[in-house]
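Shown next, in C-alpha cells, is the structure this report addresses.
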Amino acid sequence: MSNSIKPFDEYPILGYKFDVVFIIEGISFNCAFQTISGISKTTKTTKLQVGGDFFNEYQLPNTFIYKPAVFKRGVLRKFGNDKNPEFLQSWFENLGWINGYKILTATVEIHVKDFNKNKERITVETITLSNAYPTLVTLGELNSQKSEVLVETVNFNYSSFSRINKNK
C-alpha cells in the first residue's frame, strides 16, 4: 500500500515555539525571549608537523570550545511578572555577579515546542546549557525617527550543552 503523506514525526522540528527556564540555586525562573542563537560546540585542534615532512600537517583534537549563546527579546514595560522576574533581570544586568564577589551560574533549559498528531502543544526537544552565566547585556538602538521595539540582547557563556529529543 502506497501512502503519499509522510508520518508526522518525519517532518523537521519548527523553531518558533519555545519556553526558556533558568534554574539558579534550585529555583526555576521562566523567561520569554524572541530569539536564541549561537549555541555551538567545536573541537580545538593542535597543529603538528612531523619532522622532515613539509607537505603534511596533522590536526590533533584537543578540547571543546563553546561559543556564547545569544538571547534577544523586547524590553518589557515592568519587572516582577512571570515572564520577567525581577531577580533574573538583576542577574542579567549584573552579569551573574552577586554581592560583588561570586558569580551564580544557571542551568538553562530551552523547551522546543510543537504540536503532536492530536494538535496538543508538547515539548519535542530540550536543549540544556550547563553552568551558564551572562557575559554581555546590550540594549538596542533608541531612535526617535522609528517606531521599533527596544531590544535587549543577553549573551551567555556555558560549560556544555546537551539535547534530549522527547520523541524517542
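The values are calculated or read from the model by the stated rules, or taken from the named source; none is laboratory data. All values reported here derive from a predicted model rather than from experimental measurement. Cβ: placed from backbone, ideal geometry, glycine included. Neighbour counts: every protein chain shown. Accessible surface is based on the protein model in full, side chains and every heavy atom, while ligands, DNA and RNA are left aside. Shrake-Rupley method; radii C 1.70, N 1.55, O 1.52, S 1.80 Å.
Listed values, structure above:
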| read-out | value |
| --- | --- |
| Principal axis box of the range 9-67, alpha-carbon based, largest edge first, Å | 58, 37, 21 |
| About the Cα centre, charge dipole magnitude for the range 10-152 (Lys/Arg +1, Asp/Glu -1 at Cβ), debye | 200 debye |
| Distance cut-off 19 Å, percentage of C-alpha pairs in the range 79-142 lying past it | 52 percent |
| For the range 33-168, with +1 on Lys and Arg beta carbons and -1 on Asp and Glu, the positive-most of Y66, V112, F156 along the dipole | V112 |
| Karplus-derived 3J(HN,Hα), 6.51/-1.76/1.60, for each residue of the range 95-101, Hz, glycine and proline x | 6, x, 6, 10, 6, x, 9 |
| Sequence-distant residues sharing a close amide H with E125 (under 5 Å, placed H) | V112, K166 |
| Semi-axis lengths (Å, descending) of the ellipsoid that matches the C-alpha gyration tensor of the range 17-121 | 39, 22, 12 |
| Surface accessible to a 1.4 Å probe, per residue, for the residues of the chain, Å² | 70 Å² |
| Residue-wise HN-Hα coupling along the range 45-52, computed from phi with Karplus coefficients 6.51, -1.76, 1.60 (Hz; x: Gly, Pro) | 10, 10, 7, 9, 10, 7, x, x |
| Residue of F115, F92, F54 that the Gaussian network model of the chain assigns the largest fluctuation, springs spanning Cα pairs under 10 Å | F54 |
